[in-house]
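Take a look at the structure below.
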Amino acid sequence: MATTAAPFPSGEELRPNVASADVHFPAIKTYEQVDEEIINTLRPSLAWFGLLTLAILALLIGAGSWIYQIYAGLGVAGYAPPVMWGVYIVSFVFWVGIGHAGTLISAILYLFRAGFRTSIYRVSEAMTVFAVMTAGLFPILHLGRPWKFFYLIPYPNWRLIWPNPKSPLVWDVFAILTYLTVSATFLYIGLIPDFAIMRDREKNPIRKRLFATLSLGWRNSDKEWRHFARAYLFLAAFATPLVLSVHSVVSFDFAMANMPGWHETIFPPYFVAGAIYSGLGMVFTIVIPMRKYFKLEHYITLNDLDAAAKMCLFVSMVVGLAYLTEFQMGYLAGTSFEQEYWWNRTFGQWWWAEWIILICNCVLPMSLFSQKLRRNPAWLFILSIFINIGMWFERFTIIVPTLSHEFEPWQWGGYRPTWVDMGILIGSFGWFFMWFLLFIKQMPTMAMTEFKELIPARMAKSHAGGGAH
Amino acid sequence: MPGVIAAFHELDAAVHAVEALKKERFGDLTVYTPTPHHEFDEVLARPESHVRRWTLIGGIFGCTFGYWIWVWVSRYWPLVVGGKAIVAWVPYTIFGFEVMVLIGSLATVFGMFANSRIPRLTATVGYDPRFSGGHFGVWVETTPDRADAAAELLRAHGAEEVRSER
């Protein structure tokens, strides 16, 4: 006889501070409850309209700044020799990094069977797609003639223009486009069974039709699940090395150049760790208010936040180690160029930016050694804001100090962002949050089918001793 | 093909009903579950999914194409940069890898679609909206002369509702 899943023993004492693959949601009793509570989050509210308006206003500020930049030329963006990469490239690296935690949570934690992933992975995946969409804008914004961005894509053309395949900028195009496509595909595939649930519950005929189309006629049959499970596993297996490769490729933009502070072999793992760290920061920034606003505390439990905070603490230490290694490499490099560069970055011209990152990314996260703070959503939210700020400045200190302090004194200079830079930066947040806010009211922010896997199925006969899974 | 469809509220009842149907040699069964349940895998004993072949072929094709396109471009329009060979294998590995992941992933998705027979945009028999919620469904494709026997068996195992469809 086949084994059947049985409910968890009810009287068992659960260790509240240990988040593992064996997660429990005592407040979620039935499959119908999951559907109802998660679908209820899709009703638009006044606060949501308010936030969406703010996001669109921010986007309009960015769009206005860009239009002015196209009219007046790139000079209005604060570029002045020798610093010809500024806020746009800093923000490009920042947004690509934000995307990384999404794939880490959805793909890598899936392969490791980390149970706490279920609560936060859908939001993280959506965050990944929108963050990469935002990142992709910046190299285009950075172009003097943005309408010619497609010159980087190799295809036979009458202009006889071919990109240079040995350039990291061309590698970037491939890496980012692949990452965007695979992340969006991964997000969509996971959504198909949930779209089917919404199709079957929806009363509005237009939305019903929309969800019927998006669900592709999914029927939850055993054949469909069998192929779905296999495809999802392979997509996760592909996405995992992709996460590592994309930010490694982004790091090559710098590491391939023979410049003080950039030409380092540590850059790929350093960038990947930083990307995951900044993404985790953004996950907290988004998930904690959402959990409160949608009243989903019994889905995104303190155990889940605790587990994610532990991961954040670990990655912060990896990032801290990378900073120390960089200092050591600069000191031991044996060239005055490297040593002067590091001195200038840490105690000279850019000391304020360097100390912002050290405090935000290395000192404040040490608070997560305290279990009480790991389980305090308000503190996690505040900390996440510091991490976001710290990680933006980390990219700033990677890019600007090197360009402003090259080998010869005549190559030394400064950098001051203008209102156009700031307008476009604000616009990028508006663009990101606009898509995100639209997403959370159109599509389920948590995977209903995966939650159902975590709660025991209804049984005709009780299984006192527990059943096989 | 006509058949009988049953909705179950409990997992174990549905599993036992499928076992009984298999024992009575009702061959073509489809089970609907709100979320994957391995209990049915054991009973139905379906073969391994073929999606992995799509993944493998897509990955190999993507990797080959990723290298080939740049080798071709480099030979067609040679650029000597950074002291590297015109066809430089090491940097081209990035393209090989990225395109392998891209085509491999898309092939996996197409493999899933092809094997699951989706997109399915027309109305189909043998499905009930409850199956995406909290119910388990069993669809038995059978000839009219055996439909009553199948319905009786499903009811005996605790089906909440049984109906014939064609």
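So here's what we get for this one:
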{"quantity": "A:A273 more than 14 Å from chain B (Cβ to nearest Cβ) and buried (at least 21 other Cβ atoms within 10 Å of the Cβ)", "calculated": "yes"}
{"quantity": "The listed residue being within 30 Å of B:H135 (Cβ to Cβ) and in contact (Cβ under 8 Å) with a residue 12 or more places away in the chain, out of A:W218, A:W262", "calculated": "A:W218"}
{"quantity": "Checklist (1) over 22 Å from A:L214 (Cβ atoms); (2) in the same structural domain as B:F8 (by TED's automatic domain parsing); (3) touching a residue at least 24 places away in the same chain (Cβ under 8 Å) applied to B:D148, failing item", "calculated": "(3)"}
{"quantity": "Any hit, segment B:86-98, residues being within 28 Å of B:E48 (Cβ to Cβ), within 7 Å of chain A (Cβ to nearest Cβ) and either at pLDDT below 90 or in contact with a helix residue (DSSP H, G or I) (Cβ under 7 Å, 6 or more places away or on another chain) (or both)", "calculated": "yes"}
{"quantity": "Residue check, A:F381 over 24 Å from A:M259 (Cβ atoms) and either in contact with a helix residue (DSSP H, G or I) (Cβ under 9 Å, 6 or more places away or on another chain) or in a helix (DSSP H, G or I) (or both)", "calculated": "yes"}
{"quantity": "Condition met for B:I103 (buried (at least 19 other Cβ atoms within 10 Å of the Cβ), β-branched (V, I, T) and more than 9 Å from every other protein chain (Cβ to nearest Cβ))", "calculated": "yes"}
{"quantity": "Subset tally (residues that are without any contact (Cβ under 8 Å) to a residue 24 or more places away in the chain, in a helix (DSSP H, G or I) and not β-branched (V, I, T)) for segment A:327-363", "calculated": "10"}
{"quantity": "Flag for A:S65 being more than 14 Å from every other protein chain (Cβ to nearest Cβ), touching a Phe, Trp or Tyr at 6+ places or on another chain (Cβ under 6 Å), assigned to a helix (DSSP H, G or I) and of a type outside the set (F, W, Y)", "calculated": "no"}
{"quantity": "Residues that are free of Cβ contacts under 8 Å to residues at least 40 places away in the same chain, at the interface with chain A (Cβ under 7 Å from one of its Cβ atoms), assigned to a helix (DSSP H, G or I) and surrounded by fewer than 23 Cβ atoms within 10 Å (Cβ to Cβ), drawn from segment B:110-134", "calculated": "B:P129"}
{"quantity": "Qualifying residue in segment A:198-220 (condition: more than 7 Å from every other protein chain (Cβ to nearest Cβ), within 27 Å of B:P47 (Cα to Cα) and in contact with a Ser or Thr (Cβ under 7 Å, 6 or more places away or on another chain))", "calculated": "no"}
{"quantity": "Listing of helices (runs of 4 or more DSSP H) fully contained in segment A:147-257 that carry 3 or more residues being among the small types (G, A, S) and buried (at least 20 other Cβ atoms within 10 Å of the Cβ)", "calculated": "A:168-201, A:222-255"}
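Every residue, every condition in (1) at negative phi; (2) out of contact with any Pro (no Cβ under 7 Å at 6 or more places or on another chain); (3) at pLDDT below 90; (4) in a helix (DSSP H, G or I), yes or no:
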| residue | (1), (2), (3), (4) |
| --- | --- |
| A:T402 | yes, no, no, yes |
| A:L425 | yes, yes, no, yes |
| A:L438 | yes, yes, no, yes |
| A:S462 | yes, yes, yes, no |
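The values are calculated or read from the model by the stated rules, or taken from the named source; none is laboratory data. Predicted model only: the values in this text are computed from it and were never measured. For neighbour counting, all protein chains shown are included, and Cβ atoms are generated from backbone atoms with ideal geometry for every residue, glycine included.
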